[in-house]
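The values are calculated or read from the model by the stated rules, or taken from the named source; none is laboratory data. Quantities reported herein were computed from a predicted structural model and do not represent experimental measurements. For neighbour counting, all protein chains shown are included, and Cβ atoms are generated from backbone atoms with ideal geometry for every residue, glycine included.
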Amino acid sequence: MTWLEENAYLPQKSSLLLLTQDRETEKAAIEKAGCVVAPYQIIHNEVELTDAIKLLQYPSVLKTCRGGYDGKGQVVLRTEQDLA
């Protein structure tokens, strides 16, 4: 990131770029800023996924925290069969 700041124009600075590379960190920052976000749950395992689906219901979108973009790293869960 230091190289990028020294060699490219980053109006938002590298700190914002780093923040937005992780959805969990990004969501926390958006909420801390007082903005409303869509309901979400951070999950780390199958049990947490099952609990999150009970709370959020179907359909839900399962997204990776890092590396996803433009629909990559996302799965739409419409029914329990989609969890298989």
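Quick test for you: out of 31, 26, 48, pick the one residue that is within 14 Å of the chain's Cα centre (by Cα) and modelled with pLDDT of 95 or more. Even if it seems obvious, please write down each step before you answer.
Working: 26 fails: modelled with pLDDT of 95 or more; 48 fails: within 14 Å of the chain's Cα centre (by Cα).
Exactly one residue qualifies, and that residue is 31.
Considering only the range 2-22, I want to know if a residue exists there that is at positive phi, out of contact with any strand residue (DSSP E or B) (no Cβ under 6 Å at 6 or more places or on another chain) and assigned to a loop (DSSP other than H, G, I, E, B).
No, that holds for no residue.
Out of 42, 53, report the one residue that is modelled with pLDDT of 95 or more and under 24 Å from residue 19 (Cα atoms).
Values: 53 fails: under 24 Å from residue 19 (Cα atoms).
Every option except 42 fails the conditions.
Scan the range 12-22 and tell me whether some residue there is surrounded by 10 or more Cβ atoms within 10 Å (Cβ to Cβ), out of contact with any His (no Cβ under 7 Å at 6 or more places or on another chain), within 23 Å of residue 78 (Cα to Cα) and modelled with pLDDT of 90 or more.
Checking the range 12-22: not a single residue is surrounded by 10 or more Cβ atoms within 10 Å (Cβ to Cβ), out of contact with any His (no Cβ under 7 Å at 6 or more places or on another chain), within 23 Å of residue 78 (Cα to Cα) and modelled with pLDDT of 90 or more.
Take the residues in the range 27-39 that are out of contact with any helix residue (DSSP H, G or I) (no Cβ under 6 Å at 6 or more places or on another chain) and part of a helix (DSSP H, G or I), then tell me which one is surrounded by the fewest Cβ atoms within 10 Å (Cβ to Cβ).
32
Go through the range 59-74 and count every residue that is exposed (fewer than 12 other Cβ atoms within 10 Å of the Cβ) and either out of contact with any strand residue (DSSP E or B) (no Cβ under 6 Å at 6 or more places or on another chain) or more than 19 Å from residue 19 (Cα to Cα) (or both).
Residues of the range 59-74 exposed (fewer than 12 other Cβ atoms within 10 Å of the Cβ): 59, 66-67, 69-72.
The next check asks that each one be either out of contact with any strand residue (DSSP E or B) (no Cβ under 6 Å at 6 or more places or on another chain) or more than 19 Å from residue 19 (Cα to Cα) (or both); those that pass are 59, 67, 69-72.
Selection size over the range 59-74: 6.
Among the residues of the range 40-84, which ones are of a type in the set (Asp, Glu) and part of a helix (DSSP H, G or I)? Steps first, answer last, please.
Of the range 40-84, the ones of a type in the set (Asp, Glu) are 46, 48, 51, 70, 80, 82.
Scanning the range 40-84 gives 46, 48, 51, 80, 82.
Given (1) of a type outside the set (S, T, N, Q); (2) out of contact with any Phe, Trp or Tyr (no Cβ under 9 Å at 6 or more places or on another chain); (3) farther than 28 Å from residue 4 by Cβ; (4) surrounded by 10 or more Cβ atoms within 10 Å (Cβ to Cβ), where does residue 84 come up short, assuming only one miss?
In the conditions (1) of a type outside the set (S, T, N, Q); (2) out of contact with any Phe, Trp or Tyr (no Cβ under 9 Å at 6 or more places or on another chain); (3) farther than 28 Å from residue 4 by Cβ; (4) surrounded by 10 or more Cβ atoms within 10 Å (Cβ to Cβ), residue 84 misses (4) alone.
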